[in-house]
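First up is the structure itself, then whatever we jot down about it.
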Amino acid sequence: MKHRILAFLVVFAWLAVACAPPKLGPIANPRGVEPIKDVRYFQGAERDAWRHSADVYLPPDGAGWPVAVVVHGGAYVVNDKSVVDNIGYGLANAGIATVCPNYRLFPHARHPSQTMDVARAVAFAKRYLGERGARVDDFTLIGYSAGAAPVALNALDPKYLRQVGLDPDRDLTRVVVISGVYDQTDMPIVIRQVFTNRVATWRDASPINHVRANAPPFLILRAERDWTLGVSMREQSIRFHAAMEAVGARVTLREIPGCNHDFVEAQVAREPDSGTYRALMEFFAQTPAPDRAAK
């Protein structure tokens, strides 16, 4: 018990240093977006009223919107969907209907709970926004920090989405991962407990071990001054990009200058013409969804 308490103290000390939200201005132009808060996205036997809820951001105009799911970070032990509400507003203002889900956290849930919750959120977004006229065949999955690994796993290892009746190659148009860890064997030992005590599970939970040529197009974003506390996020991004390139996957690596781990995400919709937002919009333009008329 003493070792467990010490481990959690280390975790929260780490988070206090590395996850403190930056001081930024307000979200720009939120009024035109329609936020729908705390929608339950999973009602199965493992349901959790809070952790299986999501916020939905509908664009102010038009119809037939593309869809995005944005997964928050927090080292698997803290935070919720409010951390990425700025991305929800920012994408919705760009005409993209966006879902920001919570997911279960450690120590109450270990891998693969987080990855399965992301799969369930994708299935929910397809159903919920499809009923509202969104173009769910133009679908982007985005993960920030701790949210990057379950997002990448859902895109690279089909077993998770297949459990909810989906397939990454059919149902994902593009994937964005921001300042994540893609090799769990390189995680600080305390955080690695999220993925059990088994080395085989650490390896299977590592997106870098599931790279494949026919994966959906990936954009890997990293901050110029990203974390080096126990694990180098910059190095993880470089290694993951190299592994994807080596198998012939469609992948782009971008470094966002002048920012740290927090600011690379938080600048979206708060800083005019932010580097992260520009990179997202360029990636959307470079990876169009299939032409429905050609199907």
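From Phe218, Phe240, Phe284, grab the single residue that is in contact (Cβ under 8 Å) with a residue 40 or more places away in the chain, of a type in the set (Phe, Trp, Tyr) and over 21 Å from Tyr160 (Cβ atoms). Exactly one of Phe218, Phe240, Phe284 is in contact (Cβ under 8 Å) with a residue 40 or more places away in the chain, of a type in the set (Phe, Trp, Tyr) and over 21 Å from Tyr160 (Cβ atoms), namely Phe284.
Scanning segment 126-151 for residues that are over 18 Å from Val83 (Cβ atoms) and either in a helix (DSSP H, G or I) or aromatic (Phe, Trp, Tyr) (or both) returns Lys126, Arg127, Tyr128, Leu129, Gly130, Phe139. Val84 meets the conditions (1) touching a residue at least 12 places away in the same chain (Cβ under 8 Å); (2) out of contact with any Cys (no Cβ under 7 Å at 6 or more places or on another chain) in every case but one. The failed one is (2).
Among all positions in segment 165-183, there is no residue which is polar (S, T, N, Q), part of a helix (DSSP H, G or I) and either over 21 Å from Val122 (Cβ atoms) or within 15 Å of the chain's Cα centre (by Cα) (or both).
Mind counting the residues in segment 67-94 that are part of a loop (DSSP other than H, G, I, E, B) and out of contact with any Gly (no Cβ under 6 Å at 6 or more places or on another chain)? Number of matching residues: 8. What are the residues in segment 248-277 that are among the basic types (Lys, Arg), touching a strand residue (DSSP E or B) at 6+ places or on another chain (Cβ under 9 Å) and farther than 13 Å from Arg222 by Cα, if any? Within segment 248-277, Arg250 is the sole residue that qualifies.
Exactly one residue out of Tyr89, Tyr57 is touching an Asp or Glu at 6+ places or on another chain (Cβ under 9 Å), aromatic (Phe, Trp, Tyr) and modelled with pLDDT of 95 or more, and it is Tyr57.
Residues in segment 261-286 that are part of a helix (DSSP H, G or I) and touching a Pro at 6+ places or on another chain (Cβ under 7 Å): Phe263, Ala266, Gly275.
Residues in segment 184-198 that are within 25 Å of Ala242 (Cα to Cα) and assigned to a helix (DSSP H, G or I): 7 in all.
The values are calculated or read from the model by the stated rules, or taken from the named source; none is laboratory data. Every value quoted in this text rests on a predicted model; they were computed, and no experiment measured them. So basically every Cβ, Gly included, is an ideal-geometry build from the backbone, and we count neighbours across all protein chains shown.
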